[in-house]
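One structure is given below, encoded as structure tokens.
The values are calculated or read from the model by the stated rules, or taken from the named source; none is laboratory data. Every value quoted in this text rests on a predicted model; they were computed, and no experiment measured them. Note that each Cβ is placed from the backbone with ideal geometry, even for glycine, and that neighbours are counted across all protein chains shown.
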Amino acid sequence: MANQLNNSQNPDAIPGTPSTADTSKALNTRNGNVTAAPQPATQVEYGGLSGSAKAEWSFRARRRLFYVLLCLLIVVPIQAVLKYLPGGLWWPWAGLFHTLFTKVVGVNLTVTGKRHRKGPVLFVSNHISWLDIVILGGVLPRSSFVAKSQIAGWGAVGWLAKLQRTIFVNRERRHDSSRQSNAMLDAIAKGDSLILFPEGTSTLGQTVSPFKSSLFAVAEQARKNLGKDVIVQPVTLAFTDVDGIPLTRQRRPLVAWVGDMELVDHAREVLATGSIKAHVHFHDPMTLREGFTRKAMALQASADIAAKLDKLNGHRA
């Protein structure tokens, strides 16, 4: 996913040098006139997330936001109860919200390939944007996301993720690995599928970053502890056009959430965009039983997704 929402203070600042705040107050002399330097944009809180206070919300963005909030108002109270019920009763309402959200923001989705439908599946996908969540959440029944632990603290977003039964992992805290593995195994034992983004971060959607094979270890653990050969199915996700115009590298930030852009600001831009063409493709599944190791599965999944992504993008740079 994108980098941390808020930039940390610079530990390498040299004592005695002016701070950013001091610099912003400095006066610039231009053509003999003295003018104040531009002030940085004021940040405000939106449901626990930061965003620019001066940014304008277009009529389209406001209208779409209204419909998203309306969907939340209808779905969330029911989902808050269903998530505690046994079986797969928790998913239909979550899936309905994801599907409605996708349509509200103007995503025209094409799905190809054959999704594996028997038993728990470990779906592994490339990662481009926060839109990946609502798109995959709408087409993968009874599936929980595996996400980095920081998201749990992202205000309303973290709360909604918990309603989806998201499993949060902290790769930096090794002593938590056993608890995290048990949470994933518990979901599989209950018959739920998992959705992983093995790149560990989001990209512009032109190429695929190396997959972290450690995230595939759950397949080995399920075989050892549960006696199940969990199906691993690679999924390619691509955004190819916005408003009917093919996405080139320069235009990819219209949908790709990368760098230091605030989530709220990027969401506002997406809501203001016209139509977004997206494509989801299911690749052939694989299991450990076929002789794959977790590292081999990570390499094969990455290669399959990268090849399909390049094809869907029309080999555009």
Positions within the range 118-140 being part of a helix (DSSP H, G or I) and among the small types (Gly, Ala, Ser), in sequence order: GLY137, GLY138
In the range 220-241, residue surrounded by the fewest Cβ atoms within 10 Å (Cβ to Cβ) [restricted to those that are under 19 Å from ILE305 (Cα atoms) and among the aliphatic types (A, V, I, L, M)]: ILE231
Total residues in the range 272-317, condition more than 21 Å from the chain's Cα centre (by Cα), over 14 Å from VAL124 (Cα atoms) and in a loop (DSSP other than H, G, I, E, B): 7
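Given the condition part of a helix (DSSP H, G or I) and in contact with a helix residue (DSSP H, G or I) (Cβ under 7 Å, 6 or more places away or on another chain), answer yes or no: does some residue in the range 194-215 qualify? Can you show your working first?
First, the residues of the range 194-215 that are part of a helix (DSSP H, G or I): 213-215.
Imposing the further condition that a residue be in contact with a helix residue (DSSP H, G or I) (Cβ under 7 Å, 6 or more places away or on another chain) reduces the set to 213.
Yes - at least one qualifying residue is present in the range 194-215.
Yes/no per residue for (1) under 20 Å from VAL81 (Cα atoms); (2) of a type in the set (Asp, Glu):
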| site | (1), (2) |
| --- | --- |
| GLY113 | no, no |
| HIS116 | no, no |
| VAL124 | no, no |
| SER129 | no, no |
| GLY137 | yes, no |
| GLY153 | no, no |
| GLN164 | yes, no |
| ALA187 | yes, no |
| ASP192 | yes, yes |
Looking only at the range 285-309, and only at residues there that are among the charged types (D, E, K, R) and within 14 Å of LEU215 (Cβ to Cβ), the one that is surrounded by the most Cβ atoms within 10 Å (Cβ to Cβ): ARG294
Selection count, the range 258-271, where residues are crowded, with 19+ Cβ neighbours inside 10 Å and not β-branched (Val, Ile, Thr): 6
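Give the residue, chosen from SER202, SER209, SER193, that is in contact with a Pro (Cβ under 7 Å, 6 or more places away or on another chain), closer than 27 Å to LYS277 by Cβ and of a type in the set (Gly, Ala, Ser). It would help to see each step written out before you state the result.
Numbers: SER202 fails: in contact with a Pro (Cβ under 7 Å, 6 or more places away or on another chain); SER209 fails: in contact with a Pro (Cβ under 7 Å, 6 or more places away or on another chain).
Just one listed residue meets the conditions, SER193.
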Single residue of the range 143-167 satisfying the filter (in a strand (DSSP E or B) and under 13 Å from the mean Cα position of the chain (by Cα)) that is surrounded by the fewest Cβ atoms within 10 Å (Cβ to Cβ): LYS148
Residues within the range 242-257 that are in a loop (DSSP other than H, G, I, E, B) and crowded, with 19+ Cβ neighbours inside 10 Å, tallied: 4
Residue within the range 239-247 that is at pLDDT 90 or above and on the phi > 0 side of the Ramachandran plot present: yes
Residue identified as under 19 Å from HIS266 (Cβ atoms), touching a residue at least 60 places away in the same chain (Cβ under 8 Å) and surrounded by fewer than 18 Cβ atoms within 10 Å (Cβ to Cβ) among LEU65, LEU69: LEU65
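Is it the case that VAL104 is of a type in the set (A, V, I, L, M) and touching a residue at least 12 places away in the same chain (Cβ under 8 Å)? Give the derivation first.
On the way: of a type in the set (A, V, I, L, M): yes; touching a residue at least 12 places away in the same chain (Cβ under 8 Å): yes.
Answer is yes for this residue.
Return a yes/no flag: does the range 289-302 have any residue that is among the aromatic types (Phe, Trp, Tyr) and touching a His at 6+ places or on another chain (Cβ under 8 Å). Walk me through how you get there before you give the answer.
Initial filter on the range 289-302 (among the aromatic types (Phe, Trp, Tyr)): 292.
Filter again for touching a His at 6+ places or on another chain (Cβ under 8 Å), leaving none.
No; the residues of the range 289-302 include none that is among the aromatic types (Phe, Trp, Tyr) and touching a His at 6+ places or on another chain (Cβ under 8 Å).
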